[in-house]
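The values are calculated or read from the model by the stated rules, or taken from the named source; none is laboratory data. These figures come from a predicted structure and were not determined experimentally. We place every Cβ from the backbone using ideal geometry, glycine too, and count neighbours over all the protein chains shown.
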Amino acid sequence: MKKILFLESSPRKERSITTEICHQLIEKLNCAHDYEVDVLDLWREELPHMSGTNLAAKYTIFEGSALTAEQQRHWDIINDHVQRFAGADLVVIAAPTWNWGIPYVLKHYVDVVTQPGLSFTWAPDTGYTSMLPTKRAFIVSSSGGDYTKGSGNEHEDFAIKYLELWLNSCMGCEVDIISMTMTALGQEAVDAARRNALRKIESIFESMVLREV
């Protein structure tokens, strides 16, 4: 059975419009295929800290040297998370905008799975090259303001652009973006953002169906 990895980074659960739209997206994707949904709640998951030992292991790999037994033990835990990502056919990311960026639990996850020799390679002449199977990823984002192209505030977006760069460069993903903006302006604005997001989901679904025909 094909698998969707759902990265949940909003602590608001059912009160989060970002999480709500992710569920709507996953439900729509399941109209095309029967997916197993692997939910990774980043507020509950005990991700490994990128401590001195883990960083030492990372730089040891960069240098082309062998890991110590302790470094290998820590690296294996990190590798488990990389393989969980790699094993998904689709990735859905709930990414509300916090202070122009992403929630710190999501950044923690990015730092855990973005590792040389596991998820990517790097060379001076080619830059980053993903080692993971190509897949499609969906960024579902919400923000109180508008940082989309043409808003005049694009330069303040350190959330969607960051995630898109990460997914493209290191994780081997083609990226679709469902962005909900101006949600701080009251219920009417929230409802309008929701309608726009649902229309985008329909458009994505139609393009996926046509691609498979």
Q. Which is within 20 Å of the chain's Cα centre (by Cα), surrounded by fewer than 16 Cβ atoms within 10 Å (Cβ to Cβ) and closer than 27 Å to F85 by Cα, of T121, T126?
A. T121
Q. Can you find a residue in the stretch 158-167 that is crowded, with 17+ Cβ neighbours inside 10 Å and over 11 Å from the mean Cα position of the chain (by Cα)?
A. no
Q: Sort out which residues of the stretch 152-191 are in contact (Cβ under 8 Å) with a residue 24 or more places away in the chain, on the phi < 0 side of the Ramachandran plot and of a type in the set (G, A, S), and write them in order of number.
A: A159, S169, S179, A184
Q) Taking G144 and the conditions (1) touching a helix residue (DSSP H, G or I) at 6+ places or on another chain (Cβ under 6 Å); (2) under 30 Å from N79 (Cβ atoms); (3) modelled with pLDDT under 90, which numbered condition does it fall short on, given that it satisfies the others? A) (2)
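Residues checked against (1) surrounded by fewer than 12 Cβ atoms within 10 Å (Cβ to Cβ); (2) at pLDDT 95 or above; (3) under 30 Å from A193 (Cβ atoms):
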residue: E14; (1), (2), (3): yes, no, yes
residue: E20; (1), (2), (3): no, yes, yes
residue: I26; (1), (2), (3): no, yes, yes
residue: D34; (1), (2), (3): yes, no, yes
residue: V39; (1), (2), (3): no, yes, yes
residue: L42; (1), (2), (3): no, yes, yes
residue: M50; (1), (2), (3): no, no, no
residue: Q72; (1), (2), (3): no, no, no
residue: Q83; (1), (2), (3): no, yes, no
**Q.** Failed item in (1) assigned to a strand (DSSP E or B); (2) of a type in the set (S, T, N, Q); (3) over 17 Å from the mean Cα position of the chain (by Cα), with T148 passing the rest
**A.** (1)
Q.
Going through E174, E206, E188 one at a time, which residue ends up being of a type outside the set (A, V, I, L, M), surrounded by fewer than 12 Cβ atoms within 10 Å (Cβ to Cβ) and touching a Lys or Arg at 6+ places or on another chain (Cβ under 8 Å)?
A. E174
